[in-house]
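What follows is calculated from the coordinates using simple rules that are stated; it is not laboratory data. Values in this document were obtained by computation on a predicted structure and should not be read as measured data. When we count neighbours, we look across all protein chains shown, and the Cβ atoms used for this are built from the backbone with ideal geometry, even at glycine.
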Amino acid sequence: MNIHGNKPPDGQDVRLETSKVEKSRGKDRTAGSRATPSTDKVSISGQGKKIAELMSIIEQLPEVRMDKVNEAKQAILSGTYDTDAQKIAQKLLDEL
């Protein structure tokens, strides 16, 4: 991703330096020193868990439904596969 127009004026070198001060065991420490790492906690709602469960189920489904493929093959081989040329042509034109 490119962001244009977010640079300082030409000839100026802009730097921003910050230091974070943490209190640990009664002593001040800067962020660069050996401060104890903070821990993050994430909790997922019931709806989020349900969505994750459903996504897992969907991922396990086959991409190709072989029962439908075999049914179409049998219909083609037996000559009973019916096509509506008008409907097919209309769908092709709709996609343009």
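Brief remarks follow.
- Protection proxy ranking, peptides 66-76, 85-95, average beta carbon neighbours within 10 Å, highest first: 66-76, 85-95
- Segment 54-68 - phi-based ³J(HN,Hα) in whole Hz, Karplus 6.51/-1.76/1.60, Gly and Pro as x: 5, 4, 5, 5, 4, 5, 7, 6, x, 6, 10, 8, 4, 4, 5
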